Structures are given as structure tokens and as C-alpha cells.
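Everything below concerns the one structure shown next.
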Amino acid sequence: MDYAIPTGLVLVTGVVLAILAQRRGWNPSLAVALSVGLAVRVLIMLLSAADHWQPIDYVNSFRPAGEAILNGGNPVNSGWHFLPTIPYVYGLLLWLGIPWEIAGRLVTVVADLILIPLVGRLAGGAKANLRAFQYACNPLAILVASVHGQVEPVSLVFAVAAYVVARGPGEWTRGEPLLDRPSRMWRSFRTDRPATRRAFYAGLLMGLGLCAKSWPAILIPGLLMFLPGVRSRIVAMVGVAVPPVLFLLTMPLGGWVRWDQLAEVLKTISLRPSDVRPITGDWGWTAVSSGGEWDLSSWKLKVGQYLIYAVAAFCLYWWRKADPIDVTIAILLGFMIVTPRLGAQYLLWFMPFLVARPTRFAWPAIIGCSLWAATGYLVLTQFCCEQWGALHAPWAVSSVLVFPLIIAAMPWNRRDAAPVEPVVSPQLSMSRTK
């Protein structure tokens, strides 16, 4: 990787600018944030595309999925485990003759650029432009979008947009609890009609996020908490279901699979513990238990999957009165602690939300996670074969060193949606958005 040093310098510069912007009280315009984000992402994309090293899944999974669309084959196979939405875009870009080294990354870079103003809208208030600028400088976002070409930014574009739409204009006020007394739920069913239109649009956007990857399902509870009552939440769930069903049906209608193959496609993209690929050992407790080596023990995957469900349920209960963005931050950070398997791109899931509404230790966690991921992207990839394997094991085990920062970054003092005084860390931490 010839671009490792210049990429690292750009990432460090971005972190410094993001922290200085907070410390010095800068409020860059949205045009400045977009310009910085565009320049950095395009530069790193071009450096990555020109290098002889390319991410293994980028070459062996993403490209074959796009080529399958061109050739009339099934993109949902051993290389692609989600709905065919992104492969359709890959196929179109390849059909236009754009070199794959650029085409695959173009999808994620464009999505990540759109996320910059969306993070500002999610933050709202006087610091909206600051939060947009800080996301433009986010090192992990740049690595995932411009180096790896992973499609997390595509899912996040639709998910964050869904949150913005569900919250609606003006100040958000907490609606009915997700689960309440039947009489109250029936009353809310009759009284929240004005919210049904934005609920449906928000649901459609979240459904499009699910079409890119299946993990945004974990964001649906936060989306529903933005809505006032039962009627709007039912409408939102209908909206969530529409895009995945339509994109699933395009596969047999377009001739990429037969109708009788849809059951196998659904199994491939399923979220059931029994259907998730049992590869662990890259992160957290499974890395410690296996010494940083890849492990195919399915029991670890199943235990971890049920731990995820338990943590999500706990967070929904513990933060049931909190702002939905804080609930989302808690669920996603909790996921990172208990998940049995993780790719570095997973760490991008919570970034837009934590940047938009930072906690006291948000930026120490952002920097810690980005440093760990950058070690994998920029350092380990300088080696191959036995040398890579020897370095991968301690790198995977070292992921637990980030856990204290992740835990500290959770919104522990925000169990209620009522405004709280901003807090300031004496070091690199950030104040929360009012």
C-alpha cells in the first residue's frame, strides 16, 4: 500500500481540525464542510484506486455481485449476502465503463458526502454546521468510504434521513412509550393521524437502508420512538417493509433468479442466528477466546447474537425516556461490546449519531475506534501471508482496549429527554448538542 502514509497524514489532520473546531468555537458553513469532505474523500479514493492492493471483499465479493447483474446471474451468493440493491448500482457503473477501482468506491463516497449535511440536520440547533464539519473530518468514515468501499455509508444515508423525517420540523417532544397500557395505546392510535404521512416517508427511507444492508434493522426502535403513537408507528413499519419486498421481487422479475430460488435468497440475507455466517475471532471477546485467530465455532455466533438482542432490549428499557438519538447511540455502542463478529466498517454505524449528539467521551471513543481500524487498513495491509497472520492476531485481541472508551461514550447521564447542561471534558471530549 503506497498510499498508507499520505492517507494517515490526511486522517490525523482531519481529527486535529475537528477538535480545534470544537475547542475554538468555529462554526464553518455547510459549503466549507462539503468542500473539505469532498476534497479528502476524492483524494483518498484516487490514491486507493491507483494502488496495487485492494480489499479482498471489494475484489472477491462486491465486484462479482455487480458482474452478476451484467451477466444475468444471481448476485446474492457466497460473495454478497444482502438484497441486490447495491449490485444493481455496481452493474450500472460497470456497464457505463467506469473502472471497478473507482466505480465501487464512487457509490460509498457519494453516500458519505450526502451524510455530511444530514448529520448537521440530525444535530440541529446552533451547532449543526459544526457537527457537519466534524463528520466531514471523521477518519473512520473516510477509511470506510474511500479505502474499503464498504456500503455502510449507503445504509446510513437512508437511516439518518429517516430519523430526520420522523422527528419532523421544530422541537421534538416525546410521544407515547413503545409499549404502554392498551387504553393509552388505543387513544394514541386515534390521535396521532397528523404524523402518519411523515411516518410513512420515514419508514420508506429506513426500508431503503435495509435494502443496502440488513443491519439497519437495529435502528428501527429509535425511528419509532420519534413518532407520537401507535398509528404512525404501524404506518412506519409498513413503509419499512415496502422497499425490501420490491427489491426482492425484482430478482425473479428481472430474470436474475427463478421464483423457486427466492427461499434460498431469503435464507442468505436472514438475520436469524442459525443463518449468520459463523466466522468470529476478529473482535472483542471472541478474539480473546480464540487468540485472535478466525474461529468457525457456531456456538459463539449464536451466543453473541442473543447477547445483542439482550443488550438492545436493556438499552430500550434503560433509556426508554431518552432522546431517540441517545437510545440509538446506546444500542449501537452496546452492540460493539457484545458482538461476536465485527468488520472494521461496523464501527461506522454509530459515528453519525455520536458526532451529531456527542457525549462527554465521544471523541476519545471516535479516535480510539478509528486508530484501531486504521491499524488494520493501513498497517496490516503492508504485509501478507504468514506475516499478516502473525500481526492480525494481536491486532484483533487489542480491540478490547477500545472497550473502556466505547463504554464511557454511552449516554449514561441522558436517561431523560429533558435538556441537560453541556459537559466538557478536560481533554479531547466533546460537549453534547443542546
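The values are calculated or read from the model by the stated rules, or taken from the named source; none is laboratory data. Fair warning: this is a prediction, and the values are worked out from it, not measured in the lab. Every residue, glycine as well, gets a Cβ built from its backbone with ideal geometry; the counts of neighbours run over all protein chains shown. Ligands, DNA and RNA are stripped out before the accessible areas are found, and what is left, the full protein with its side chains, is counted by its heavy atoms. Shrake-Rupley method; radii C 1.70, N 1.55, O 1.52, S 1.80 Å.
List of remarks:
- For region 1-77 versus region 327-384, the gap between their alpha-carbon centres in whole angstrom: 16 Å
- Pairs of Cα atoms in the chain fall into 20 Å distance bins, from 0 up to the last occupied one, in shares of 25, 61, 14, 0 percent.
- Extension gain for residue 317-residue 375 works out to 17.3 nm (0.36 nm per residue, less the C-alpha to C-alpha distance).
- When 3, 201 are compared by accessible area at a 1.4 angstrom probe, the order from most to least is 201, 3.
- Prolate is the label for region 84-143, because the ratio a/c of its alpha-carbon gyration tensor axes (a ≥ b ≥ c) is 1.5 or higher and a/b is greater than b/c.
- Built amide H within the under 5 Å cut-off of residue 321, gap 5+: none
- Dipole orientation for the chain: of the candidates 74, 232, 370, 232 has the Cα lying most toward the positive pole (charges on Cβ; Lys, Arg +1; Asp, Glu -1).
- Surface composition of the chain: carbon plus sulfur atoms hold 67% of the accessible area, using a 1.4 angstrom probe and ignoring ligands, DNA and RNA.
- Accessible surface, the chain, averaged per residue in Å² (probe 1.4 Å): 42 Å²
- Taken over region 13-162, the ratio of Cα radius of gyration to 2.2 N^0.38 Å equals 1.12.
- When the Cα gyration tensor is reduced to axis lengths a ≥ b ≥ c, the ratio a/c is 1.5 or higher for region 58-118, and with a/b above b/c it is classed as prolate.
- Rel. contact order, % - alpha carbon contacts under 8 angstrom, at least six apart, the chain: 16 percent
- With θ taken as phi - 60° and the Karplus curve 6.51 cos²θ - 1.76 cosθ + 1.60 applied, the whole-hertz 3J(HN,Hα) list for region 302-311 is 5, 4, x, 5, 6, 4, 4, 4, 5, 5 Hz, x standing for glycine and proline.
- Extension gain for residue 385-residue 253 works out to 43.2 nm (0.36 nm per residue, less the C-alpha to C-alpha distance).
- Each residue of region 167-172 is assigned a 3J(HN,Hα), and the resulting list reads 5, x, x, x, 6, 7 Hz, derived from the Karplus form 6.51 cos²θ - 1.76 cosθ + 1.60 (θ = phi - 60°), x at Gly and Pro.
- Listed peptides 388-394, 319-325, 309-315 appear in the order 319-325, 309-315, 388-394 once ranked by packing, highest mean of other Cβ atoms within 10 Å at the front.
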